[in-house]
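The values are calculated or read from the model by the stated rules, or taken from the named source; none is laboratory data. It should be emphasised that the depicted structure is a prediction, and the values quoted were computed from it without experimental measurement. So basically every Cβ, Gly included, is an ideal-geometry build from the backbone, and we count neighbours across all protein chains shown.
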Amino acid sequence: MSELFISGEILAYDEEERLIAIRQKKRINTYYIQRSLLNKISKYLVVGRFIQFMCADEPRIYRKRKVYTVDYIVKIMCIRYRKNIVYYDVKNIKSGTQDLLNSLDNKMFLDLEMSMHPYNVNKTFKQEIIQVGIYLVDKDNNLLEETCINIRPTVHPKLTRRTLKFLQITQEEIDKGESFEHFYNIFDKMVDKYDPAIIVWGKNDFLALRDSYKINRLPSIAHKTRYINLLKLHKNYYNLKNDLGLFNALRLYEEFEDSQAHNAFEDAVVTYRIFNGFKKVVNGKMHVDTKNFK
């Protein structure tokens, strides 16, 4: 399915139904905006403003209306005699991403593996960090430190069968692991010493750390950490509707043997490789095709 470039004045906007109407030639067409996209641009959608976007070239029936689905927004602005007022411009997002990536000095690529709920529902179960992978580099990608630590859970010391199967890890390996406090001290010292940008894939790792401070009754160090969600940067930069898996993201930038293992250190290194490929793209040194993920 190919795409159409649409440009025109917003004639009507139904926020509840997520629809906008625009005149194209002598016909008024209706366009559907998916919720994930609408959350980013809804505050700019005002009747009378000018909008440009890409959409599917084939209509579909949505609640008894023929609509075209918006893929991504290019620009939203108010047309003025002297100077247009631009409220949203995808070019600004891309240049902002470039500036961010190029500004980073020390970078900590962090991945966490968590204990998993049992197959039977247990409302009292708390997920805990059981493995940490860190790959820390300087501005020029020189390796500063690397580590992989198995961590003994505090609340549920015995791993569920689901966890053992999914992570391909043994209870004995975890029993021989370190306490969360041991990792906490290492992590805290790294943050103090290098002041790194902490690069993660998705928001789950940040949330897991936040919860682990509470579970283990340790002071939060969130105030001196800065996280960059590389998944979110990808979604915004490439205008993706859905989350992109870690190894699918790696495929955008390089070929590799498909031997995915759920290991925190391996995933931290994969995040590092993705970051480097993405940085090449935003700086115009590489082109990738993301159509299979839209």
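Mind telling me which of the residues Arg65, Arg18, Arg60, Arg49 ends up being free of Cβ contacts under 8 Å to residues at least 40 places away in the same chain, at negative phi and of a type in the set (D, E, K, R)? Full working, then the answer.
Working: Arg65 fails: free of Cβ contacts under 8 Å to residues at least 40 places away in the same chain; Arg18 fails: at negative phi; Arg49 fails: free of Cβ contacts under 8 Å to residues at least 40 places away in the same chain.
Step by step, each of Arg65, Arg18, Arg60, Arg49 is checked, and only Arg60 is free of Cβ contacts under 8 Å to residues at least 40 places away in the same chain, at negative phi and of a type in the set (D, E, K, R).
Here Leu231 fits the description: assigned to a helix (DSSP H, G or I), farther than 19 Å from Ile149 by Cβ, assigned by TED's automatic domain parsing to the domain that holds His117 and among the hydrophobic types (A, V, I, L, M, F, W, C).
Take the residues in the range 169-211 that are free of Cβ contacts under 8 Å to residues at least 60 places away in the same chain and acidic (Asp, Glu); name whichever of them is nearest to Pro157 (Cα to Cα). Looking at residues that are free of Cβ contacts under 8 Å to residues at least 60 places away in the same chain and acidic (Asp, Glu), I get Asp175.
Scanning the range 172-194 for residues that are surrounded by fewer than 19 Cβ atoms within 10 Å (Cβ to Cβ) and among the aliphatic types (A, V, I, L, M) turns up Ile186, Val191. Does Phe53 meet the test of being more than 17 Å from Leu4 (Cβ to Cβ), crowded, with 18+ Cβ neighbours inside 10 Å and touching a strand residue (DSSP E or B) at 6+ places or on another chain (Cβ under 6 Å)? Against the criterion (more than 17 Å from Leu4 (Cβ to Cβ), crowded, with 18+ Cβ neighbours inside 10 Å and touching a strand residue (DSSP E or B) at 6+ places or on another chain (Cβ under 6 Å)), Phe53 does not qualify. Condition test on Asn236, is it surrounded by fewer than 18 Cβ atoms within 10 Å (Cβ to Cβ) and without any contact (Cβ under 8 Å) to a residue 40 or more places away in the chain? Answer is no for this residue. Looking at the range 175-196 only, could you name the residues that are within 23 Å of Thr97 (Cα to Cα) and out of contact with any helix residue (DSSP H, G or I) (no Cβ under 9 Å at 6 or more places or on another chain)? If the condition is that a residue be within 23 Å of Thr97 (Cα to Cα) and out of contact with any helix residue (DSSP H, G or I) (no Cβ under 9 Å at 6 or more places or on another chain), then Tyr194 is the only one that fits. Could you check, for the range 58-70, whether at least one of its residues is more than 30 Å from Asn263 (Cα to Cα), part of a strand (DSSP E or B) and of a type in the set (S, T, N, Q)? Yes: the range 58-70 contains one or more residues that are more than 30 Å from Asn263 (Cα to Cα), part of a strand (DSSP E or B) and of a type in the set (S, T, N, Q).
Per-residue answers, yes or no, for (1) part of a strand (DSSP E or B); (2) over 29 Å from Lys232 (Cα atoms); (3) of a type in the set (A, V, I, L, M):
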site: Ala12; (1), (2), (3): yes, yes, yes
site: Arg23; (1), (2), (3): yes, yes, no
site: Ser36; (1), (2), (3): no, no, no
site: Gly48; (1), (2), (3): no, yes, no
site: Gln52; (1), (2), (3): yes, no, no
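For the range 240-284: of the residues being touching a helix residue (DSSP H, G or I) at 6+ places or on another chain (Cβ under 7 Å) and among the β-branched types (Val, Ile, Thr), which is surrounded by the fewest Cβ atoms within 10 Å (Cβ to Cβ)? That would be Val282.
Does the range 58-77 contain any residue that is among the hydroxyl-bearing types (Ser, Thr, Tyr), buried (at least 17 other Cβ atoms within 10 Å of the Cβ) and within 30 Å of Val137 (Cβ to Cβ)? No; the residues of the range 58-77 include none that is among the hydroxyl-bearing types (Ser, Thr, Tyr), buried (at least 17 other Cβ atoms within 10 Å of the Cβ) and within 30 Å of Val137 (Cβ to Cβ). Can you find, within the range 124-155, the residue that is surrounded by the fewest Cβ atoms within 10 Å (Cβ to Cβ) among those that are without any contact (Cβ under 8 Å) to a residue 24 or more places away in the chain and closer than 28 Å to Glu173 by Cβ? Here the answer is Thr124.
If the Cβ limit is 9 Å and pairs must be 6+ apart or interchain, which residue in the range 99-123 that is closer than 15 Å to His262 by Cβ pairs with which residue that is assigned to a loop (DSSP other than H, G, I, E, B) and of a type in the set (Lys, Arg)? Here the result reads Ser115/Lys126, each pair linking the range 99-123 to a residue that is assigned to a loop (DSSP other than H, G, I, E, B) and of a type in the set (Lys, Arg).
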